[in-house]
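Enquirer: Before anything else, here's the structure in question.
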């Protein structure tokens, strides 16, 4: 999902956190809703990086070298918060972060806190999600980041759960607030008894640990309905809405798209 840092984060200095250097291109944000089917309300919007002309995430990541990894991570956070505030977002905002770009959590969070204060976005509405497919420098490092974020009042989410490096090992060290089940587990689940058995056990595990479950990558009504019956009301995917550039899709639009 993101370019790897390969352990070079230690070479970054605290001055790099403070000097405000920008990327070589303008970063914009698209937002994709996470919809609560049980309440028919918006739970959150996930911020997704886009290029200056709306180019997709692939184009954006091609521009980011390991030397600019920290800057990209910081600019993405600030841009997401600023854009969400301008759009008067009242729900939670989910921001992807790069554990390999965070060398000292309490220092690297300063720009995020300053942006939230500047643009008057409530910090309690921030979710920071890390992809399980993004290999961290170490589980201990990632746990340290999530602990610091929790102390700041942020929620944490593990994205692509069931598809990558951390998985159950991370759950033994720190319980996130949210797990987002990977698309590979979700695709055609209504037709796959093996996936159904796995998902029922994972949903039960999350419930026992008091973790919210989100199903992502929903494209078919049958996937939506099976997962809702299985206990996942929070869902995200093209069935509800595609990412919208600097725009927040409404509940009414989502309900219309599902019909």
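The values are calculated or read from the model by the stated rules, or taken from the named source; none is laboratory data. All values reported here derive from a predicted model rather than from experimental measurement. Cβ placement follows ideal geometry from the backbone for every residue including glycine, while neighbour counts extend to all protein chains displayed.
Enquirer: Tally up the residues in the stretch 200-232 that are buried (at least 17 other Cβ atoms within 10 Å of the Cβ) and under 21 Å from residue 46 (Cβ atoms), please.
Expert: 16
Enquirer: Collect the residues in the stretch 54-64 that are exposed (fewer than 13 other Cβ atoms within 10 Å of the Cβ) and in contact (Cβ under 8 Å) with a residue 40 or more places away in the chain, keeping them in residue-number order. Walk me through it before giving the result.
Expert: Kept after step one, since they are exposed (fewer than 13 other Cβ atoms within 10 Å of the Cβ), are these residues of the stretch 54-64: 54, 58, 62.
Within the stretch 54-64, 54 is the sole residue that qualifies.
Enquirer: Within the stretch 24-50, track down each residue that is farther than 11 Å from residue 254 by Cβ and not in a strand (DSSP E or B).
Expert: Across the stretch 24-50, the qualifying residues are 24, 25, 26, 27, 38, 39.
Enquirer: Are any of the residues in the stretch 89-104 on the phi < 0 side of the Ramachandran plot, at pLDDT below 90 and surrounded by fewer than 18 Cβ atoms within 10 Å (Cβ to Cβ)? Steps first, please.
Expert: Taking the stretch 89-104 first, the residues on the phi < 0 side of the Ramachandran plot are 89-104.
Next cut, at pLDDT below 90 only: 97-104.
Now narrow it down to the ones that are surrounded by fewer than 18 Cβ atoms within 10 Å (Cβ to Cβ): 104.
Checking the stretch 89-104: at least one residue is on the phi < 0 side of the Ramachandran plot, at pLDDT below 90 and surrounded by fewer than 18 Cβ atoms within 10 Å (Cβ to Cβ).
Enquirer: Still on this structure: Could you check the stretch 169-258 for helices (runs of 4 or more DSSP H) lying wholly inside it with 3 or more residues that are modelled with pLDDT of 95 or more?
Expert: On the way: elements: 183-186, 193-208, 221-230, 251-258.
Result: 193-208, 221-230, 251-258.
Enquirer: Within the stretch 175-193, restricting attention to residues that are over 17 Å from the mean Cα position of the chain (by Cα) and over 13 Å from residue 162 (Cβ atoms), which residue is surrounded by the fewest Cβ atoms within 10 Å (Cβ to Cβ)?
Expert: Ranking the candidates gives 193 first.
Enquirer: If you don't mind, another one. Kindly provide the set of residues from the stretch 106-122 that are in contact with a helix residue (DSSP H, G or I) (Cβ under 6 Å, 6 or more places away or on another chain), surrounded by fewer than 18 Cβ atoms within 10 Å (Cβ to Cβ) and assigned to a helix (DSSP H, G or I), ordered by number.
Expert: 106, 107
Enquirer: Does any residue of the stretch 65-75 turn out to be closer than 27 Å to residue 258 by Cα, touching a helix residue (DSSP H, G or I) at 6+ places or on another chain (Cβ under 9 Å), in contact (Cβ under 8 Å) with a residue 60 or more places away in the chain and buried (at least 20 other Cβ atoms within 10 Å of the Cβ)? Talk me through it step by step, then tell me what you get.
Expert: Just the residues of the stretch 65-75 that are closer than 27 Å to residue 258 by Cα, to begin with: none.
The answer is no; no qualifying residue exists.
Enquirer: Could you tell me which of the residues 9, 2 is in a helix (DSSP H, G or I) and either farther than 30 Å from residue 226 by Cβ or at pLDDT 80 or above (or both)? So that I can check it myself, show each step before the final result.
Expert: Numbers: 2 fails: in a helix (DSSP H, G or I).
Being in a helix (DSSP H, G or I) and either farther than 30 Å from residue 226 by Cβ or at pLDDT 80 or above (or both) holds for just one of 9, 2, which is 9.
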